[in-house]
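Worksheet for the structure shown next.
The values are calculated or read from the model by the stated rules, or taken from the named source; none is laboratory data. Model, not experiment: these values are computed from the prediction. Backbone-built Cβ (ideal geometry, glycine too); neighbour counts: all protein chains shown. In case anyone asks, the SASA skips ligands and DNA or RNA and just uses the protein heavy atoms, side chains included. Shrake-Rupley method; radii C 1.70, N 1.55, O 1.52, S 1.80 Å.
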Amino acid sequence: MQKLKFTIYSLIVLILGFSSCIISSEKNTNSANLDKAIEKKVDSVLELMTIDEKVGQMVQYSAGWDLTGPASSKSAQDKLDKIEKGLVGSVLNVVSVKEVRAAQELAMKSRLKIPLIFAYDVIHGLKTMFPTPLGESASWDLELIRQSAAIAAKESAAAGLNWTFAPMVDVSRDARWGRIMEGGGEDPYLSAEIGVARIKGFQGDDLADANTIAACAKHFAGYGFAEAGRDYNTVTAGEFELHNMILPPFRAAAKAGVATFMNSFNDIDGIPATGHKVLQRDILKGDWNWNGFVVSDWGSIGEMRAHGYAKDKKHAAEIALNAGSDMDMESYAYEASLKELLSEKKVSEAHINDAVKRILRLKFQLGLFDNPFKYCDEEKEKNNIYTKEHLAVSRDAARKSIVLLKNENSILPVSKNVKSIALIGPFADNKDMPIGNWRAKGVYNSAVSLLEGVKNKVGKNTKIYYEKGIDLLIPTVKPGDNQFLHPLKINKNNRTGISKAVAAARKAEIVFLAIGEDAYQSGEGRSQVNIGFAGLQNELLEAIYKVNKNIVLILSNGRPMDISRANEIVPGILVTWQLGSESGNGIADVVFGDYNPAGKLPVSFPRNVGQEPLYYNQKNTGRPYNPKNVTYSSYTDEKKSALFPFGFGLSYTNFSYDNLKVNKEKMELNDEIIISVEVSNTGKVSGEEVVQLYIRDLVASIVRPVKELKGFQKIYLNAGETKTVSFTINKDVLEFYTANRKWEVEPGEFLLFVGGNSTTKMNKKITVN
Ligand code: BGC
């Protein structure tokens, strides 16, 4: 019988393999129009599968090296045996054509020869590193973001991979949360736009294209709302907050056809996301009609025991499957218990079949059934990774992600013929920090350092005095070590280099002070209560300031930082995040005026960590302001506003906004209004400006934020040029998840704001009938 089935299967594969040539050019979308030919193939394979093989498809193993979570106890050999028996659906952390081919060859020895999918955390590049996702989001440049994801996909596909665990689309409002560096910031609209751009980049128009890979919208849901910014912590968002603030980027991702979702470690209001039926079955697979598959986060099924939600691993498997988690990453819960749970009727075969179909569907869409070794091409691996073209885009992404926060007396840009520069700080000649956290195959110490970037730019007559001044970290991690196993150690005592740095600053015309955060100060498990300058960096800043006030702070950061003191004393501030492989060149392009900075903050920078979580799209409260006494919503020892607000960023030129107009002031529910504004470049150089549209729904069935971003356009203006920018206001812009528990527009008055950052006051009032 077994043998007969195999022959029939081979026949089906042959026939369907042929027909797939005809359909391969069709687009893969998630929507109702599923590819019928693929569905037939999926069904035909499912019919041949034993229950063990079905459960096997729902299992994902990590290779055991390059661990990204607590080390597993399973031996590598055991895993390889299971692959050979067809009991594994996917592996993560197996990278390179050689490794992928070896694992796939094992899978091809299995009875049904169902190919493995190879997953990896390609978060901001595979080997050509781009700015960290939060940094790149500061570009507000969707085409650039799409392009960088497309390059990451091309390099990944060339290394044998088919699937990345990105983009992270968690709206994140708390600078203490280390993972804020992985997403698109604090706004749901911006996060959705950026998430979709990344998905389009990774997946292209066709998953079967050998240069594209499947994307994964994560972490579903609420992970970015971890209480107190502490990683993995509980989330207490209510239903309306969930729908209006947390879910929009996920909804957009599902609509854009993202191939997979990953659920999250946190609980929401007492229900772990991994076991959350409403989220996964009702909303994602039901209301949104999405037909990709959900992978658990690393070990998150098993972790429902620690949450106090499952009594043992078997119970956890039951909860997870019933709630709609299709693939078990590294909990070993599905493989151990699903079969038994099925015989006990605690889970249904329908749910198992549905999960397996979703997984097989993606394997067909990727073309892996046609050719399991499709992504195993040594030539491509040699030629498509870390190319000059990719590095050129990385440089462009670097400079476009930089945000100019302060430029007193036009300290920037600096002339290339400046007599002398003191380049000071632990990041001044650091080639590793810019590679950032989640660096995939990014090579240790491979970025262009700031010192190198500056040297590439200035003339022979410029003297450069480089002094590190201090070390920020006492090294504990060797290159290649699993960074999760090493807490960071900050240097708090060794100040021996400070005097040399002071001497350098004293003799230089201008100081570039490169301080901030190292790569591993943000990222998973890297939450901090302190978001100022760690270690001896403040001392270094004050010492330099005593001898030279002409300082440009070149900030390295994964998260928004408290830079209040520096802002008081330093005339120039550039936010340079962790910018990737071409960091130093990108920064030098901006510093010396070859590129006019246009980045805008995707997150608020606080005055003090005590303001966190801080976000512009807050509610007004019943007591927004009272000039007469203290009983209003504020702090007695600090302002409530951000030091630098969401959407803020300067340019070397100036922009003015005039003539804000609406074509009418009243509209019916299904009608639209056009709002327009004239934006002029009033300075002496050309530049780009991100024109932003915000709305405020004045009275609603659920209290609405004081402002919500609803559109933006990045425009280029020559010196003296004026352009009219317009936005269409319609149902999509005005609707929200109302007290009726649906997305709709509520009639009433709205304010429409337009400007260059979230504090703009320029507005028009409209009425919707
Ligand atoms: C992270 C995920 C990541 C996974 C696999 C987890 O610890 O939360 O974002 O994709 O590991 O590496």
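Assorted remarks:
- Just one of the numbered conditions (1) over 18 Å from the mean Cα position of the chain (by Cα); (2) within 16 Å of the ligand (Cβ to nearest atom); (3) among the hydrophobic types (A, V, I, L, M, F, W, C) is not true of VAL258: (1).
- Number of the condition not met by TYR520 [criteria: (1) within 16 Å of the ligand (Cβ to nearest atom); (2) assigned to a loop (DSSP other than H, G, I, E, B); (3) of a type outside the set (Gly, Ala, Ser)]: (2)
- Residues that are closer than 24 Å to ILE213 by Cα number at least 1 in the following helices (runs of 4 or more DSSP H) confined to the stretch 267-381: 349-365.
- Residue within the stretch 200-222 that is farther than 25 Å from GLN692 by Cα, without any contact (Cβ under 8 Å) to a residue 12 or more places away in the chain and not polar (S, T, N, Q) present: yes
- Enumerated strands (runs of 3 or more DSSP E) restricted to the stretch 640-710, each holding at least 1 residues that are small (Gly, Ala, Ser) and in contact with a helix residue (DSSP H, G or I) (Cβ under 9 Å, 6 or more places away or on another chain): none
- Some residue of the stretch 238-252 being more than 16 Å from the ligand (Cβ to nearest atom) and either within 21 Å of ILE117 (Cβ to Cβ) or among the basic types (Lys, Arg) (or both): yes
- Some residue of the stretch 217-224 being at pLDDT 95 or above and either assigned to a helix (DSSP H, G or I) or not assigned by TED's automatic domain parsing to the domain that holds PHE373 (or both): yes
- Positions within the stretch 378-412 being touching a helix residue (DSSP H, G or I) at 6+ places or on another chain (Cβ under 7 Å) and either over 25 Å from VAL603 (Cβ atoms) or free of Cβ contacts under 8 Å to residues at least 12 places away in the same chain (or both), in sequence order: GLU378, LYS380, GLU381, ASN384, ILE385, HIS390
- Scope the stretch 125-135; condition on the phi < 0 side of the Ramachandran plot and either open to solvent by less than 10 Å² (accessible area, probe 1.4 Å) or in a helix (DSSP H, G or I) (or both); matching residues: LEU126, THR128, MET129, PHE130, PRO131, THR132, PRO133, LEU134, GLY135
- Contact map, the stretch 697-708: first residue under 18 Å from ASP732 (Cα atoms) and without any contact (Cβ under 8 Å) to a residue 60 or more places away in the chain, second residue in a loop (DSSP other than H, G, I, E, B) and open to solvent by 20 Å² or more (accessible area, probe 1.4 Å), Cβ cut-off under 6 Å, separation 6 or more or different chains; pairs are ASP697/ARG704; ALA700/GLU746; SER701/ALA739.
- For the stretch 297-321, a residue qualifies if it is of a type in the set (Gly, Ala, Ser), free of Cβ contacts under 8 Å to residues at least 40 places away in the same chain and open to solvent by less than 20 Å² (accessible area, probe 1.4 Å), and the qualifying residues are SER300, GLY302, ALA310, ALA317.
- Applying the criterion of at least 1 residues that are open to solvent by less than 50 Å² (accessible area, probe 1.4 Å), modelled with pLDDT of 80 or more and in the same structural domain as ILE352 (by TED's automatic domain parsing) to the helices (runs of 4 or more DSSP H) found wholly in the stretch 7-97 leaves 36-48, 51-57.
- For the stretch 634-653, the criterion of a residue being touching a residue at least 60 places away in the same chain (Cβ under 8 Å) and of a type in the set (Asp, Glu) is satisfied by no position.
- The set of residues in the stretch 182-209 that are within 16 Å of the ligand (Cβ to nearest atom), open to solvent by less than 10 Å² (accessible area, probe 1.4 Å) and farther than 25 Å from GLY532 by Cα comprises SER191, GLY195, ILE199, PHE202.
- Residue pairs whose Cβ atoms lie under 9 Å apart, separated by 6 or more positions or on different chains, with the first residue in the stretch 143-169 and acidic (Asp, Glu) and the second at pLDDT 95 or above and within 16 Å of the ligand (Cβ to nearest atom), are GLU155/VAL122; GLU155/GLY125; GLU155/LEU126; GLU155/LEU161; GLU155/ALA440; GLU155/LYS441.
- Failed item in (1) touching a His at 6+ places or on another chain (Cβ under 9 Å); (2) open to solvent by 10 Å² or more (accessible area, probe 1.4 Å); (3) of a type outside the set (Asp, Glu), with ARG179 passing the rest: (2)
- Scan the stretch 550-607 for residues that are part of a loop (DSSP other than H, G, I, E, B) and within 19 Å of the chain's Cα centre (by Cα) and the total you get is 17.
- Of the residues SER172, SER110, SER156, the single one that is modelled with pLDDT of 95 or more, open to solvent by less than 10 Å² (accessible area, probe 1.4 Å) and in a helix (DSSP H, G or I) is SER156.
- Among (1) of a type outside the set (Lys, Arg); (2) open to solvent by 40 Å² or more (accessible area, probe 1.4 Å); (3) within 19 Å of the chain's Cα centre (by Cα) - the single one ILE271 does not satisfy: (3)
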